[in-house]
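Single-structure report; data block below.
Every number here is computed from the coordinates shown, using simple stated rules; none is lab data. Just so we're clear, the structure is a prediction, and the values are computed from it rather than from any experiment. A quick note on method: Cβ atoms are made from the backbone with ideal geometry, for glycine too, and the neighbour counts reach across all protein chains shown.
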Amino acid sequence: MKEIDFSLKAKMFDSVLELSKDEQNLMGKAITARNNAYAPYSKFQVGAAILLDNNIIITGNNQENAAYPSGMCAERVAIWSAGAQYPNMIVKKIAITAASSEIEVKNPVGPCGACRQALYEYEFNQKEPIEIIFMGEIGKIIKVTSLASLLPFSFDSSYL
Ligand code: THU
């Protein structure tokens with residue numbers, strides 16, 4: 001028997017002002033996207049902004065639907081939009097933020113499991129880590145260095 005250690009190191013910031021100027025700009029774009037989210041059912045608005053290697057930023061927000069399961073998360077709207085517009089372009093970072101009209105979202109909101117898997121597909125293919133920076137509406141900000149770190153024993157095309 002051998003123990004495997006998947007312990008995760010994350011950076012926690014007290015304010016966006018502690019991020020680099022590029023990251024502050026990226027989070028600003030995620031906030032704008034969040035404010036435009038279509039979330040009339042959950043009232044939980046999420047915005048994501050993706051920085052590509054060519055310095056273009058692609059944004060996405062959650063798009064809900066009266067048939068609830070037909071809605072889509074902000075992160076997948078953003079990553080698939082990036083993939084559609086700039087196929088094979090390296091993805092450098094994704095910034096994510098969430099807010100609600102019902103509650104104050106003070107804790108950092110990380111991507112859901114399905115979004116981690118969708119984002120990981122891109123990280124696996126490009127063989128370069130994608131940084132993830134996430135926050136609520138206010139409060140602390142978390143930064144992790146890769147999707148792989150958020151998905152131990154992840155599934156990828158090498159299994160197929
Ligand atoms: N949501 C996202 O956009 N991203 C996540 O990672 C978690 C959840 C959305 C989906 C739904 O529109 C609302 O938040 C409530 O779950």
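For the reader, a short list of remarks on this structure follows.
- Top-ranked residue of the stretch 137-160 - restricted to ones that are among the hydrophobic types (A, V, I, L, M, F, W, C) and assigned to a loop (DSSP other than H, G, I, E, B), ranked as farthest from the chain's Cα centre (by Cα): 160
- For the stretch 93-146, filtering for residues that are among the aliphatic types (A, V, I, L, M) and within 15 Å of residue 79 (Cα to Cα) leaves 9.
- Whichever residue in the stretch 86-127 is among the charged types (D, E, K, R), within 16 Å of the ligand (Cβ to nearest atom) and part of a helix (DSSP H, G or I) and, among such residues, is nearest to residue 41 (Cα to Cα): 116
- Failed item, numbered, when residue 140 is tested on (1) at negative phi; (2) surrounded by fewer than 16 Cβ atoms within 10 Å (Cβ to Cβ); (3) without any contact (Cβ under 8 Å) to a residue 60 or more places away in the chain: (3)
- Flag for residue 133 being crowded, with 18+ Cβ neighbours inside 10 Å, touching a residue at least 60 places away in the same chain (Cβ under 8 Å) and touching a Phe, Trp or Tyr at 6+ places or on another chain (Cβ under 7 Å): no
- Single unsatisfied condition, residue 119 versus (1) free of Cβ contacts under 8 Å to residues at least 12 places away in the same chain; (2) within 23 Å of residue 11 (Cβ to Cβ): (1)
- Residue in the stretch 12-19 that is free of Cβ contacts under 8 Å to residues at least 40 places away in the same chain, crowded, with 17+ Cβ neighbours inside 10 Å, outside any helix (DSSP H, G or I) and under 17 Å from the mean Cα position of the chain (by Cα) present: no
- Identity of the residue in the stretch 62-85, of a type in the set (Gly, Ala, Ser) and either within 8 Å of the ligand (Cβ to nearest atom) or surrounded by fewer than 22 Cβ atoms within 10 Å (Cβ to Cβ) (or both), that ends up farthest from residue 107 (Cα to Cα): 84
- In the stretch 38-61, residue nearest to residue 128 (Cα to Cα) [restricted to those that are more than 8 Å from the ligand (Cβ to nearest atom), surrounded by fewer than 23 Cβ atoms within 10 Å (Cβ to Cβ) and in contact (Cβ under 8 Å) with a residue 40 or more places away in the chain]: 52
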